[in-house]
Structure formats: structure tokens, C-alpha cells
Amino acid sequence: MTVTTTATAPANPNDEVPSGVVLRYGVGQLGAQVFRDTPAVLLPLFMTTMLGVPAWLAGLVVLVPKLWLILCDPLVGAWSDRLKTAIGRTPFLIGGAVGTTVGFIALFAFTAYPSPYVAAAAICALFFLASTAFSIYSVPYLAIAAELSGDPHQRNRIMVLRMVFATLGVLVGVGLAQPIIVKFGGGAAGWHAMSWIFGAICLVSMLTTASGMRKVPLIQAGAVAGSLREQLRVVRRNRPFLVLLATSFLSNIGQAASYTVIGFVFLYAIRAIWLIPIFILCMSIASLAAQPLWLWLPRRIGKPRAYVLASLVWAAVTVTWLWVGKGGADVATLPGGQPVNSQHLLILLRALVIGLANSGFILLALSMMTDTVDYQRRTQGVANEGVFAGLFSAMEKLAFALGPVIAGIVMSAFGFVSSTGGAAAQTDQAITGIILLYSVIPASLQGIALLVFSRYRLPRS
């Protein structure tokens, strides 16, 4: 194994990251979040209601490309580490942004496949290519966060603004997708229009970051050269990183399963698909409003304790979806004449609490990941930021692939019926399976993740 060692230089003398740099870095997460969340939420719905793909197969379609990314993400990270000194990470950001955009548009471009199984194969291939392009963007993008400052609180500040744009990405990608599809006539035309609009958002925001980070100075530390296996051997000695990696993996599986069925929950269990944009809006508002809290609280009680607090609140609220209902007395009427009942208000209250807590433990997990990279840099003098980011990203993507698989298996086991050209009626048993995927299953996985996280320790050197 060959180790290249250079003096570690801060990104700037005081480790204070200029606000303009933080802003230019964060904006790229808007498009990245649209691509990260929208296919996870919409592809199963698109395949089962527009292409006639069985629910179990739709889950596998999402899984296969993610399995490739387990290897692809660390390879991209190692590749970007090797070329960082020569060309920087900008070429990866530009190429990944363009490829991600084209891939996203292609996913929803066709609906007239010869059979559901041909459709599944085509979507799988397109998602494979789009996910690879996203890997080329997302892994160097995450690595940069660990290279902007040696101060853990500055890195948390960077992650807070990144989370602001991530929240906006969720609001756009999940909250506005269905209204846009309906606005453009529904059916194939609606899906096509949505893909072009979201593709443009991805391209502009991701290229803004690629251009904006081009001349920003980054921390220069030694890196482990050689094969990926040799580089991973160094990473394996970083116990805090491994604990955090396992924690995030378990947590993300539960979140992915719930993301997969959010459309089904509002369509079948609540019977108020129109409520999704309002729900996402409330969640996003709470998330944005909570960011000063997640900037302040870790300074007072530490990032690990703040992470546990946010996780416990999220799990407790998530369990309450078991009692979601369709009834309730009407309490208001929207301008368009849509009645709002008491159950709807309880759902929106959940959205506020979930937005506050969810944004906290997601950003703190990423913030602590940069801390483990810095720990590697301080204790060993070397740190392959791209490899760390690649592994973290790969496990996140694997989790978000397993989530739809779990959702597809549970939905099929409970008797969910797929259809073509629109949504089919479902039995009470099928709806029960959907609710479990949005409540008990993700909350239980979050609890298991916290048990793993109890072993997290970050020694000071």
C-alpha cells in the first residue's frame, strides 16, 4: 500500500467558510434531492398504475441499479480522490449533472411498452444509467463538505444550508409532482411534462454548484493510493464511521419504505390525494423553520445527543400513522370547495413535527460523517474524502433501493392489485399493508438504528 502524505492546510486561515461559498455549495442539493426522492416516490406509482408492472417487480426494478451503486459510489469516490489535485472535483459535478438530467427525463418519457415486463426491463436499464450519472455527481459533492473546513461547527453550518435546499427539493420533487402531472392532463402527457420540468431544475441547480465551487480552496490532506481494497482497509479502522454508516443504513431503509408508499397512503388510506402538496408544504415549512435549532442545539448538547433526540421524536410520531382515518367532522372549506376535516388537520400536525425531527437527524448524520473524515485526517494524516463519501452514499442508495423492495413485498403479501392507466380499488387488507409501511416498519427500523448508534464514540486527538 502506498501512502501519499502532504501537510493538511485549512480551506482558509480561520476555518470560517464564507456565506457565499456555503450558498453555492448548498444549492446543488436542490436538484440532487429531486433526483434522489422523486424516482423513489414516483417510479413505483408510475410503473404500477401506468405500465401495469406488478408491485413486487416494481420494487426489484429500483433495487437492481442500486446494487450496482454499492460498488460504483466508492469507485467514483476513489477516482475523484486521485484526480482532485490535477483537475479538481468540478468535472465530476458537471458530467454527473448533465447525465442525471437526461436520465431523469428518459425514465418517464415512454409509456407504450409491449408488455409490463418489457416496461420493467426498460425502466431498470434507464434507471441504471441515470443512477450511475448521479453517483458521478453526488459522491464528489458530498466529499467537498468534508474539505471546506476543519471546524465541526462550520461543517454543521454547511450541512444546515444544504438541508434547506434538500427540503426545497422534497417540496418540489414530492409535493409538486402530482399537481404538475394533473395540470398537464394526467396520463402520459402529465408524466412527460413533469419529467421535463424537474429535469430542468436538476440541471440548473447542480450546474450552479459545479460552477460555483470551481475555484474554492479545499483542505489538502494526504490520501491512500493504490487499489480500492487498500483504501477501504484504512476506512475499516475508523470505528466511528462504521457505526454511523450502519446507523444511517438502517434508518434509511425505513424512510425509503415509507417514501415509497406516501402516494398510496393518501390515495387509499386517507382518500385525499389532494392533501399531499399541503402535507409536504407543512413538512417543508417546519423543516426550514427548524434549521436554526439544529445549528444551535448541537453546540449545546453535542451532535450525537441531538441526533438521538430528533430520531426519537420522529419515530414516536411515525407510529401514530397506525391510527390514521378517513373520517372526521368538517372544520373548514378550501377556496376550491374542498372540505377539510379533523383527520386532515391531525395529518398536517404530524407533518409539522415530522419536518422538524426528520431534517434534524438527516443533517446531523451527514454532519457527523464529515466529523469522522476529519477524525481520520487528524489521527492518521491521510483521508480519502471521496472514498468515505462514496461508501456513505452507496449505503444510502442501497437503503433507498431496499425500501421499495420491502414495500413491494409487503404490499403484494397484503393483496395489493396493480393496474394500467389508473388506480384500481384495493381491499382493506391491502390498505393495512400500506399503513404498516408508513408507520410501524419505519419506526421500528429507526429504533434498531438508535441501538446501533449507542456505540458511536468520536475520540478527540
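The values are calculated or read from the model by the stated rules, or taken from the named source; none is laboratory data. Source: prediction; values computed, not measured. Please note: Cβ atoms are built from the backbone with ideal geometry, for glycine as well, and neighbour counts cover all protein chains shown. Quick note on the areas: whole protein, heavy atoms, side chains included, nothing else; ligands and nucleic acids left out. Shrake-Rupley method; radii C 1.70, N 1.55, O 1.52, S 1.80 Å.
ARG377 fails exactly one of the following numbered conditions: (1) farther than 29 Å from GLN33 by Cβ; (2) at pLDDT below 85; (3) not β-branched (Val, Ile, Thr). What is the number of that condition?
(1)
Applying the selection to segment 249-262, what residues are more than 16 Å from VAL174 (Cβ to Cβ) and open to solvent by less than 10 Å² (accessible area, probe 1.4 Å)?
Listed by number, the residues that qualify are SER251, GLY254.
Evaluate segment 311-327: report whether one residue or more is more than 19 Å from ILE347 (Cβ to Cβ) and crowded, with 17+ Cβ neighbours inside 10 Å.
Filtering segment 311-327 for residues more than 19 Å from ILE347 (Cβ to Cβ) gives 311-312.
Add one more test, that the residue is crowded, with 17+ Cβ neighbours inside 10 Å, and what stays is 311.
Within segment 311-327 (the criterion being more than 19 Å from ILE347 (Cβ to Cβ) and crowded, with 17+ Cβ neighbours inside 10 Å), the answer is yes, since at least one residue qualifies.
I'd like to verify a number: residues in segment 116-155 that are of a type outside the set (D, E, K, R), more than 24 Å from PHE400 (Cβ to Cβ) and in contact (Cβ under 8 Å) with a residue 24 or more places away in the chain, how many?
Summing the residues that are of a type outside the set (D, E, K, R), more than 24 Å from PHE400 (Cβ to Cβ) and in contact (Cβ under 8 Å) with a residue 24 or more places away in the chain in segment 116-155 gives 6.
Starting from segment 180-201, take each residue that is without any contact (Cβ under 8 Å) to a residue 12 or more places away in the chain and list its partners that are outside any loop (DSSP other than H, G, I, E, B), counting only C-beta distances under 6 angstrom and pairs at least six apart or across chains.
That search, which allows pairs on different chains as well, returns PHE184/GLY190; PHE184/ALA193; GLY190/ILE181.
If you take the residues in segment 419-435 that are open to solvent by less than 40 Å² (accessible area, probe 1.4 Å) and not in a helix (DSSP H, G or I), which one is modelled with the highest pLDDT? Show your work before the answer.
Going through segment 419-435, the residues open to solvent by less than 40 Å² (accessible area, probe 1.4 Å) turn out to be 419, 422, 424, 426, 430-431, 433-435.
Checking the rest, the ones that are also not in a helix (DSSP H, G or I) come to 419, 422, 424, 426.
Numbers: SER419: 75, GLY422: 67, ALA424: 77, GLN426: 87.
Among those residues, the one meeting the criterion is GLN426.
Go through segment 64-88 and count every residue that is within 22 Å of PRO217 (Cβ to Cβ) and open to solvent by 10 Å² or more (accessible area, probe 1.4 Å). Break it down stepwise before answering.
Start the filter on segment 64-88 by keeping residues that are within 22 Å of PRO217 (Cβ to Cβ), which leaves 77, 79-88.
Narrowing the set further to residues that are open to solvent by 10 Å² or more (accessible area, probe 1.4 Å) leaves 79, 81-88.
Selection size over segment 64-88: 9.
Among the numbered criteria (1) of a type in the set (D, E, K, R); (2) in contact with a helix residue (DSSP H, G or I) (Cβ under 6 Å, 6 or more places away or on another chain); (3) at pLDDT below 85, which single criterion is violated by LYS303?
(3)
What is the residue count in segment 263-310 for residues that are assigned to a loop (DSSP other than H, G, I, E, B) and open to solvent by 10 Å² or more (accessible area, probe 1.4 Å)?
Qualifying residue count for the region: 2.
Which of (1) assigned to a helix (DSSP H, G or I); (2) in contact with a helix residue (DSSP H, G or I) (Cβ under 7 Å, 6 or more places away or on another chain) is the odd one out, the single condition ARG377 does not satisfy?
With (1) assigned to a helix (DSSP H, G or I); (2) in contact with a helix residue (DSSP H, G or I) (Cβ under 7 Å, 6 or more places away or on another chain) applied to ARG377, the lone miss is (2).
Pick from segment 111-125 the residues that are of a type in the set (Gly, Ala, Ser) and open to solvent by 60 Å² or more (accessible area, probe 1.4 Å): which of them is modelled with the highest pLDDT? Break it down into steps so the answer makes sense when it comes.
The first filter runs over segment 111-125 and keeps only residues of a type in the set (Gly, Ala, Ser), leaving 112, 115, 119-122, 125.
Keeping just the survivors that are open to solvent by 60 Å² or more (accessible area, probe 1.4 Å) gives 112, 121.
Working: ALA112: 84, ALA121: 94.
This residue is ALA121.
Within segment 436-461, can you find the residues that are modelled with pLDDT under 95 and of a type in the set (D, E, K, R)?
Selection gives ARG457, ARG460.
Which residue out of ALA40, ALA55 is within 18 Å of the chain's Cα centre (by Cα) and either farther than 25 Å from CYS124 by Cβ or modelled with pLDDT under 95 (or both)?
One residue alone meets the criteria, ALA40.
Kindly indicate whether LEU30 is out of contact with any strand residue (DSSP E or B) (no Cβ under 8 Å at 6 or more places or on another chain), modelled with pLDDT of 90 or more and open to solvent by 20 Å² or more (accessible area, probe 1.4 Å).
In short, yes.
Among VAL234, VAL160, which is the only one that is surrounded by fewer than 22 Cβ atoms within 10 Å (Cβ to Cβ), of a type in the set (Val, Ile, Thr) and touching a residue at least 12 places away in the same chain (Cβ under 8 Å)?
Within the list VAL234, VAL160, the selection yields VAL234.
Restricting to segment 377-402, name every residue that is more than 12 Å from the chain's Cα centre (by Cα), buried (at least 24 other Cβ atoms within 10 Å of the Cβ) and not hydrophobic (A, V, I, L, M, F, W, C).
Across segment 377-402, the qualifying residues are ASN384, GLU385, GLY386, GLY390.
Is it true that PRO44 is over 19 Å from GLY386 (Cα atoms) and open to solvent by less than 40 Å² (accessible area, probe 1.4 Å)?
yes
Checking the condition over 16 Å from the mean Cα position of the chain (by Cα) and open to solvent by 50 Å² or more (accessible area, probe 1.4 Å), which residue from VAL216, VAL182 passes?
VAL182
Exactly one of these conditions fails for VAL61: (1) farther than 26 Å from GLY187 by Cα; (2) open to solvent by less than 30 Å² (accessible area, probe 1.4 Å); (3) under 22 Å from the mean Cα position of the chain (by Cα). Give me its number.
(1)
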